[in-house]
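Worksheet for the structure shown next.
The values are calculated or read from the model by the stated rules, or taken from the named source; none is laboratory data. Note that the structure is a prediction, hence the values are computed from the model and not measured. As a convention, Cβ positions derive from the backbone with ideal geometry for all residues, glycine included, and neighbour counts pool all protein chains shown. Side chains included, ligands, DNA and RNA excluded: accessible areas come from the protein's heavy atoms. Shrake-Rupley method; radii C 1.70, N 1.55, O 1.52, S 1.80 Å.
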Amino acid sequence: MSTPILQSLIANRWVGAEPGRSLHSAINGRAVAQTHAESLDFAESLAYARGQALPALLKLDFQQRAAILKALAAYLVERKEQLYAISAHTGATRADSWIDIEGGTGTLFAYASTGRRELPSSNIVHEGPAVALGREGSFIGSHVLVPKRGVAVHINAFNFPMWGMLEKFAPSFLAGMPCIVKPATATSFVAEACVRLIHESGLLPAGALQLIVGSSGDLLDRLSETDVVTFTGSADTAAMLKVNKNIVARSIPFNAEADSLNCAILAPDVEPGDPEFELFVKEVAREMSAKAGQKCTAIRRAIVPARHIDAVAAMLRERLAKIRVGDPAIEGVRMGALASKEQQADVAARLAQLSAGNEIVFGERDGFAPIGEGVGDGAFFAPTLLLCRDAFSNPAVHELEAFGPVSTLMPYGDLDEALALAAKGRGSLVGSVITKSPAIAAEAVYHAGAFHGRLHILDREAAKESTGHGSPMPALKHGGPGRAGGGEELGGIRAVKHYLQRCAVQGSPTMLTAITGEYQRGAKVQEDAIHPFRKHFEEIQIGDSLLTHRRTVSEADIVNFGGISGDFFYMHFDEIAAKDTQFGQRIAHGYFVLSAAAGLFVSPAPGPVLANYGLDTLRFVNPVAIGDTIQARLTCKRRIDRGNRPDQPPQGVVAWDVQVMNQRGELVASYDILTLVAKKQAA
């Protein structure tokens, strides 16, 4: 049977028929695929992305693109076993591949949810609130985020060929950018299989995702000012790509996530016998063996109180000795191979350098014998634990990374020394602090936060649900300062904003309402005979408004509200005490004002408004005294069309701007009320 030739997806067609480089199974060395030998036309690729894919993407809005991400995630989950079978050739165990495959689809689901929850049904995000730029309120300013109208180029690492691709694709697609993905060649057969499934799904606009198998050629030289480049891999390669002349000359955003010498600190308050002591050992051993240590977030430096260094070394040695290494297809195997023979040679060379002047606590000499047929031709590597007795005098342990199952123990005297050792990594993606003490945790974050993109604080309470030191989560940023690349990925909606352009806008409230798609106070409103709550979602327009009738607040209102709510705060009931305050008199409950306002603007009969599910930006601006008269203005501020979902009636979200005024025209309460509003019919 011939070895399949991988193809690139360029300008919506698959390219590649001539064999190029052979790619081998990390388990037994057999050829599993070949790259194609044909050169790619990146001028054509970019022209197609800009001319075909970009307009198609921008015909969709954030909500529609989020719905596509959700459908795509579900499509891939249904076909995940195909991907698991292919991923096994990378040397990954089922658990390793789960991180890559289901971590990738999980990220798609997460960004679909984030988009549906946090983004408008348009292509402009308003970063408010607007600020007054003049005294009379007729000239205001704010910020908007708009599509960059460029292409996102994603250059990925070999260790997570699917997750690494999808965690970048999801936010850039949501932002409306076509993507050109360049996976690391060694494991590109996994990325190609995933992209084939995505292409076969027909869910994406043509050209929204293109794939490069092999060299990226002159692609970076052809990019323009509206494009974005992201990179995951070694710090050295990141530094080289970042100074590409075209990228520098055009100020093209370049986001790097580089391998770093991450650390875990066993805090000085933890003693043998504490659950935290065992947690530290388990975390270090897990990060050494998961994905055979090929994680940009793996623990490379384990920083331990000097008095416990031998106890930790003994416990780690015992735990590492129990790890079965070999063909992941064999039951009981917990650690597979490195991704390639080249990677195996690189880790061996780095380990030789790191070993100089240090002790080997556990390694190949301790009975390393991978199990399985043909594993002698695989890329297996022994879990190796080093001990550096004086890490302040050995710079290599803070500068050299063996990107495999290798970690170094290093002792410290006090917490200041531990944090100083952590900082010697010159910037890391993640650091862990294992402690029982909230005070130590706070001190550690205060000092170490400047050197780490994420800090994982682990104790017995968090351990019940902790996802672990090495697991980036879609809701939290992934990236770090210094050696870690200085970039950011993930982080929920923050990642989407990386692919949008922030622009300050100035003008009248009416103009900014039109620009932002959100009502700005002072803009023109529309009032008609139909109550806004009697309109279906499609009938409501931004600026639809109702000025209510008035209500005078009485002492009986305050007494009754106090009796119903149980709120007998002195400001509402004690005349003498209230006179001594800044208000000089009793005032109404703020929540009574809120409730009374609802009574003024709500249309009580059954209608299109299905539910009120929250308030935003609530402020009680001025007090309401007994005898004051209040009036409310309700105005449609924002509409979000969430499409038609099978699990609920067709509906959208409407945010209403509410202003409650007193008889002097002073604002007394201000907030947004969020409602679910039914549509007339399914689209």
* Structure fact -> Among trypsin sites (Lys or Arg not before Pro) in segment 581-683, those in a DSSP loop whose Cβ has at most 16 other Cβ atoms within 10 Å are Arg664, Lys680
* Structure fact -> Mean separation of Cα contacts under 8 Å (at least 6 apart) over the residue count of segment 292-413, i.e. the relative contact order in percent, is 39 percent
* Asked: Per residue, what accessible area does the chain have, given a 1.4 Å probe and all protein chains present, in Å²?
  -> 42 Å²
* Mean shadow of segment 1-82, computed from the convex hull of its alpha carbons, in nm²? -> 7.8 nm²
* **Among Gln353, Ala556, Ala422 - extreme Cα towards positive end, dipole of the chain, charges at beta-carbon** => Ala556
* Structure fact -> Any trypsin sites (Lys or Arg not before Pro) in segment 314-354 that lie in a DSSP loop and have at most 16 other Cβ atoms within 10 Å would be Lys322, Arg324, Arg334
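Which pairs in the list Lys168/Lys295; Lys148/Lys168; Lys59/Lys80; Lys535/Lys680; Lys80/Lys295 are over 19 Å apart, alpha-carbon to alpha-carbon?
Beyond 19 Å between Cα atoms: Lys59/Lys80; Lys80/Lys295.
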* About the Cα centre of segment 310-392, how large is the charge dipole given +1 on each Lys and Arg Cβ and -1 on each Asp and Glu Cβ? Please answer in debye to the nearest 20. => 180 debye
* Can you tell me the alpha carbon radius of gyration of the chain divided by the globular rule-of-thumb value 2.2 N^0.38 Å? => 1.13
* Top positive-direction residue, dipole computed over the chain with Cβ charges, set Cys296, Leu166, Ala311 -> Leu166
* Give the cross-link partners of Lys679 among the aspartates and glutamates, using a straight C-alpha distance below 16 Å as the criterion and excluding same-chain residues fewer than 8 apart. => Glu538, Glu539, Asp641, Asp647
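Could you work out the local net charge near Met511, counting Lys and Arg as +1, Asp and Glu as -1, over the other residues with Cβ closer than 15 Å to its Cβ? Could the numbers behind the result be given before it?
Values: positive: Arg521, Lys524; negative: Glu518.
That sum, taken over residues with Cβ under 15 Å, equals +1.
Give the carbon-plus-sulfur fraction of the accessible surface of segment 83-140 in %, rounded to a whole number; probe 1.4 Å, heavy atoms of protein chains only. Write down the numbers at each step before the final one.
Values: 1570 of 2600 Å².
So the carbon and sulfur contribution to the accessible surface is 60 percent.
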* Whose amide H sits under 5 Å from the amide H of Arg324, counting only residues 5 or more places off or on another chain, with H placed in the peptide plane? -> Arg334, Met335
* **Rounded to whole Hz, the Karplus (6.51, -1.76, 1.60) HN-Hα couplings of segment 644-656, x for glycine and proline** => 10, 9, x, 8, 7, x, x, 7, x, 9, 10, 9, 10
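Checking the a/c ratio against 1.5 first, then a/b against b/c, what shape does the Cα gyration tensor give for segment 565-627? All intermediate terms of the calculation are to be shown ahead of the outcome.
On the way: a/c = 2.89, a/b = 2.58, b/c = 1.12.
It comes out prolate by the Cα gyration axes.
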* To do: Scan around Gly453 for amide H atoms under 5 Å from its own, H built in the peptide plane at 1.01 Å from N, and keep only partners 5 or more places away or cross-chain.
  => Ser428, Leu429, Val430
* To do: Would you compute, from DSSP H runs of 4+ residues alone, the mean residue ellipticity of the chain at 222 nm, taking -39500 (n - 2.57) per run and dividing by the full residue count, rounded to the nearest 500?
  => -9500 deg cm²/dmol
* To do: Could you tally the net charge around Asp557, taking each other residue with its Cβ under 15 Å from the Cβ of Asp557, Lys/Arg +1 and Asp/Glu -1?
  => 0
* Asked: What angle do you read, to the nearest 10 degrees and between 0 and 90, between the alpha-carbon axis of helix 438-448 and the longest principal axis of the chain?
  -> 70 degrees
* What net charge is computed for the residues neighbouring Leu600, neighbours being all others with C-beta under 12 Å from the C-beta of Leu600, Lys and Arg scored +1, Asp and Glu -1? -> +3
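Show me the GluC sites (Glu not before Pro) within segment 295-349 that DSSP assigns to loop and that have at most 13 other Cβ atoms within 10 Å of their Cβ. Intermediate values should be presented prior to the final figure.
Working: sites: Glu318, Glu331, Glu342; in loops: Glu331.
Listed in order of number, the matching sites are Glu331.
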* Structure fact -> One finds the C-alpha centres of segment 272-290 and segment 136-194 to be spaced, in Å, by 35 Å
* Dividing the Cα convex hull volume of segment 158-252 by residue count, how many Å³ per residue is that? -> 102 Å³
* Asked: On a 0 to 90 degree scale, rounded to 10, what angle separates helix 188-201 from the longest Cα axis of the chain?
  -> 40 degrees
